[in-house]
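Each remark here refers to the structure printed beneath this line.
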Amino acid sequence: MAARLRLPYFSWASIVPILAIIVLALAWGKSLPEFAIVVVTLLLAGAVLAAVHHAEVVAHRVGEPFGSLVLAVAVTVIEVALIVTLMIAGAGAAETLARDTVFAAVIITINGIMGLSIVAGTRRGSAVSFNAEGTGAALATVATLTTLGLVLPTFTTSRPGPVFSPPQLAFAAITSLALYLLFVALQTGRHRDYFLPVGAEGAVIDDQHAVPPSTVAALGSLGLLVVALIAVVGDAKLVSPAVERIVIAAGLPVSVVGVVIAMLILLPETLAAVRAAQRGRMQISLNLAFGSAMASIGLTIPTIAVVSIWLPVPLHLGLGATHIVLFALTCVVAVLTVLPGRATLLQAGVHLALLAAYLFLAISP
């Protein structure tokens, strides 16, 4: 009995996030030697794996699609906090930090997470199945939020440059938050069945055969999930100066640093989505992918709209021509992937090719 009581509290998934937080507190604001950077990087990787583990425990307890929302919203809230902190501090390229981070999240989730999930899912058969109605609604919401928040500022004329005027920014913020909240309400309420896993014939899969964890265990995992996510974001910030030095030494654009950090922050969702696809739960993978992109925009734009009152730099939200073309192509390809309700390895290859193009153009603009 004692052994069974000790296991949940002294497993690696419980210890690693706490160690990562302790190291984060000790190293915060200090210049780290190479050995310390290696330690922080290892703890960062461990915190990512722990976050995935605890997210799955919570998801099993609350069921879908609530489980997918837990990880997506938790990561996004901490990501937004990191963005706002760096912008208030006036970090390098602070005026474009929110735009670059949010757009990276959109491209990585739609092309990267969805593409990798399809690859993982097709190992079980020639195609993966999902609910086209729910996934299509999520894709439409992501496309609308991205266009309102990141594309329109490039073409508005009230202010010079790719920026919103205060009334325009307020409109975009209110619309983004309202649309995101409406989607979440419908996803977890009236249209919940559209976001549940489906089988090859399109029938909803019943996951009730597995005994869910107790409420105490689920609450413990929820707390450790938050700790692990804070460790992921904080440790990623600690290693970012080393990454920046490497990027500058290699002669690459400084914006590459933001892409690398965004990929590190999205690792928990990526691993959780791939593992769900491997178990034949492709809909959960898509819930994570589109939910993450949606939460990133729907929470970031309203937050920075408020914080911009105190920001020491102008807020550049508008995308450049290259990124607008990539986003438009991503939307077209995603629509063609989602509409049939089934996807094969070919669709995965197209999405991963778009992700590769984005990463390559970030390195060589």
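The values are calculated or read from the model by the stated rules, or taken from the named source; none is laboratory data. For clarity, every value in this text was computed on a predicted model and none was experimentally measured. We place every Cβ from the backbone using ideal geometry, glycine too, and count neighbours over all the protein chains shown.
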Quiz item: Can you tell me which of 164, 130 is aromatic (Phe, Trp, Tyr) and over 28 Å from residue 271 (Cα atoms)?
Solution: 164
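Determine, yes or no, whether residue 234 is under 27 Å from residue 149 (Cα atoms) and either in contact (Cβ under 8 Å) with a residue 40 or more places away in the chain or of a type in the set (Gly, Ala, Ser) (or both).
Yes: the conditions hold for residue 234.
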Practice problem: Can you confirm whether region 27-46 contains a residue that is surrounded by fewer than 23 Cβ atoms within 10 Å (Cβ to Cβ), of a type in the set (Lys, Arg) and not in a helix (DSSP H, G or I)? | Solution: yes
Quiz item: Given the conditions (1) without any contact (Cβ under 8 Å) to a residue 60 or more places away in the chain; (2) over 22 Å from residue 46 (Cα atoms); (3) of a type outside the set (Lys, Arg); (4) assigned to a helix (DSSP H, G or I), and given that residue 240 satisfies all but one, which numbered condition is not satisfied?
Solution: (2)
Quiz item: Would region 95-104 turn up any residue that is more than 19 Å from residue 329 (Cβ to Cβ) and either at pLDDT 90 or above or more than 17 Å from the chain's Cα centre (by Cα) (or both)?
Solution: yes
Practice problem: Give just the number: which of (1) β-branched (Val, Ile, Thr); (2) surrounded by fewer than 21 Cβ atoms within 10 Å (Cβ to Cβ); (3) out of contact with any helix residue (DSSP H, G or I) (no Cβ under 6 Å at 6 or more places or on another chain); (4) at pLDDT 80 or above does residue 88 not satisfy? | Solution: (4)
Quiz item: Counting only residues that are over 13 Å from residue 298 (Cβ atoms) and part of a helix (DSSP H, G or I), which one in region 177-191 is modelled with the lowest pLDDT?
Solution: 188
Self-check item: Qualifying positions in region 152-193 - crowded, with 19+ Cβ neighbours inside 10 Å and either among the basic types (Lys, Arg) or under 22 Å from residue 327 (Cβ atoms) (or both)
Solution: 153, 162, 163, 164, 169, 172, 173, 176, 180, 183
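Can you find a residue in region 173-192 that is within 23 Å of residue 349 (Cα to Cα) and without any contact (Cβ under 8 Å) to a residue 40 or more places away in the chain?
no
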Quiz item: Only one of 251, 280 is under 27 Å from residue 41 (Cβ atoms) and either outside any helix (DSSP H, G or I) or over 15 Å from the mean Cα position of the chain (by Cα) (or both); which?
Solution: 251
Quiz item: Name the pairs whose Cβ atoms lie under 9 Å apart, with the first residue in region 108-135 and closer than 16 Å to residue 346 by Cβ, the second of a type in the set (Val, Ile, Thr) and part of a loop (DSSP other than H, G, I, E, B), and 6 or more positions between them or separate chains?
Solution: 118/344; 122/344; 126/344; 127/344; 128/344
Quiz item: Which members of region 105-131 meet the condition of being part of a helix (DSSP H, G or I), of a type in the set (A, V, I, L, M) and modelled with pLDDT under 90?
Solution: 105
